[in-house]
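Student: Dropping a structure here in structure tokens format, bear with me for questions.
Each value in this text was obtained by applying a stated rule to the coordinates, not by laboratory testing. From a predicted model like this one, the values you see are computed outputs, not experimental measurements. When we count neighbours, we look across all protein chains shown, and the Cβ atoms used for this are built from the backbone with ideal geometry, even at glycine.
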Amino acid sequence: MRIGIFDSGVGGLTVVKELFKLVPGVEVFYFADTLNMPYGNKKKEEIIECASRIVKFLTLYSPDLIVSACGTISSVLADMNMSNYVIGVIHPSCYAASKVTKNGNIGVIATSFSVESRQYSKCLLEINEKFKVFSESCPSLAGIIEDGDIRKEDSEIAKYMNLHVKFLKKYDIDTLILGCTHYPVFKSLISSIFENVSIIDSGFETAKYVAQILNGKFRDRVLSEISGKNKLKIFVTKRRKNFILNASNIVGFGVSRDVVFVSL
Ligand code: DGL
């Protein structure tokens, strides 16, 4: 099975890491638009333009499915007239939150663009109009994760959370969606700050959804390829200092040989 997965940077690898555990034998073509990262502070037209170019590029590898492993890009997918062939992270994350929440008060943290687009709220309210959604943007958080060394950023992330988003707890949220795929990298830390709040990991939930599609629509091929090794090829549009280090730490193996520089 060939899957195209893309994001502005390393964040979407949180989907890849989980997908590799759930579906053995899958081949992933991962695109990180590191030149244009962060997407979360861009205008809708720019995001659509970048995303369209990436989808066109990934299509050259004839993937069976393409995953927008980015909350920000997923917020504009509806405006891009993509077929079901391209799926995003919003629905799987909201669906998971809807199953977990007891009191219906759901927090969402994501990029400025994602929060302003209100796509997470829209999706949650479509699932259940009684939900109360409290969203907060974290404008610089994806950048801190992308360019920092993720093994060492705990105190910076904790400071950020305590200062900018911990107040969400006062709304009695019992569930918090990590609406940007960079954030699950610090899931346990965020979990320790939001005690007694169920944390929804957009990377994991999206991988679960992809696995469901593969095990449904492509079941025979999944079964025949199950003994194969997972394969990963990564395309980047800029060589950022910590990309290989962070990417390797997220997926759990060294990726230096798998990264190729491309210009779109
Ligand atoms: N991983 C992206 C997201 O899920 C990062 C956003 C950015 O580039 O600002 O939104």
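Student: Looking only at segment 7-21, which residues are more than 10 Å from the ligand (Cβ to nearest atom) and either in a strand (DSSP E or B) or of a type in the set (A, V, I, L, M, F, W, C) (or both)?
Tutor: Filtering segment 7-21 down to residues more than 10 Å from the ligand (Cβ to nearest atom) leaves 16-21.
Listed by number, the residues that qualify are VAL16, LEU19, PHE20.
Student: Follow-up question, since we're still on this one. Among the residues of segment 12-21, are any touching a helix residue (DSSP H, G or I) at 6+ places or on another chain (Cβ under 7 Å), surrounded by fewer than 20 Cβ atoms within 10 Å (Cβ to Cβ) and over 18 Å from GLY88 (Cα atoms)?
Tutor: Within segment 12-21 (the criterion being touching a helix residue (DSSP H, G or I) at 6+ places or on another chain (Cβ under 7 Å), surrounded by fewer than 20 Cβ atoms within 10 Å (Cβ to Cβ) and over 18 Å from GLY88 (Cα atoms)), the answer is no, since none of the residues qualifies.
Student: Same structure again: Only one residue in SER137, SER83, SER117, SER121 is more than 19 Å from SER8 (Cα to Cα), within 16 Å of the ligand (Cβ to nearest atom) and of a type outside the set (Lys, Arg). Which one?
Tutor: On the way: SER137 fails: more than 19 Å from SER8 (Cα to Cα); SER83 fails: within 16 Å of the ligand (Cβ to nearest atom); SER117 fails: more than 19 Å from SER8 (Cα to Cα).
Sole residue among the options that is more than 19 Å from SER8 (Cα to Cα), within 16 Å of the ligand (Cβ to nearest atom) and of a type outside the set (Lys, Arg): SER121.
Student: Kindly evaluate LYS187 against the criterion of being part of a helix (DSSP H, G or I), away from the ligand (no atom under 16 Å from the Cβ) and either under 24 Å from GLY40 (Cβ atoms) or hydroxyl-bearing (Ser, Thr, Tyr) (or both).
Tutor: Working: part of a helix (DSSP H, G or I): yes; away from the ligand (no atom under 16 Å from the Cβ): no; either under 24 Å from GLY40 (Cβ atoms) or hydroxyl-bearing (Ser, Thr, Tyr) (or both): yes.
Taking the combined requirement at face value, the residue does not satisfy it.
Student: Considering only residues that are hydrophobic (A, V, I, L, M, F, W, C) and in contact (Cβ under 8 Å) with a residue 60 or more places away in the chain, which ones fall in segment 51-90? Walk me through it before giving the result.
Tutor: In the first step, residues of segment 51-90 are kept if they are hydrophobic (A, V, I, L, M, F, W, C); the result is 51, 54-55, 57-58, 60, 65-67, 69-70, 73, 76-78, 80, 82, 86-87, 89-90.
Once the filter is applied, which keeps residues that are hydrophobic (A, V, I, L, M, F, W, C) and in contact (Cβ under 8 Å) with a residue 60 or more places away in the chain, segment 51-90 yields ILE54, PHE57, LEU65, ILE66, VAL67, ALA69, CYS70, ILE73, ILE87, VAL89, ILE90.
Student: Same structure again: Just give me the residues in segment 143-181 being more than 15 Å from the ligand (Cβ to nearest atom) and in contact with a Lys or Arg (Cβ under 8 Å, 6 or more places away or on another chain), in sequence order.
Tutor: If the condition is that a residue be more than 15 Å from the ligand (Cβ to nearest atom) and in contact with a Lys or Arg (Cβ under 8 Å, 6 or more places away or on another chain), then TYR171, ASP174 are the ones that fit.
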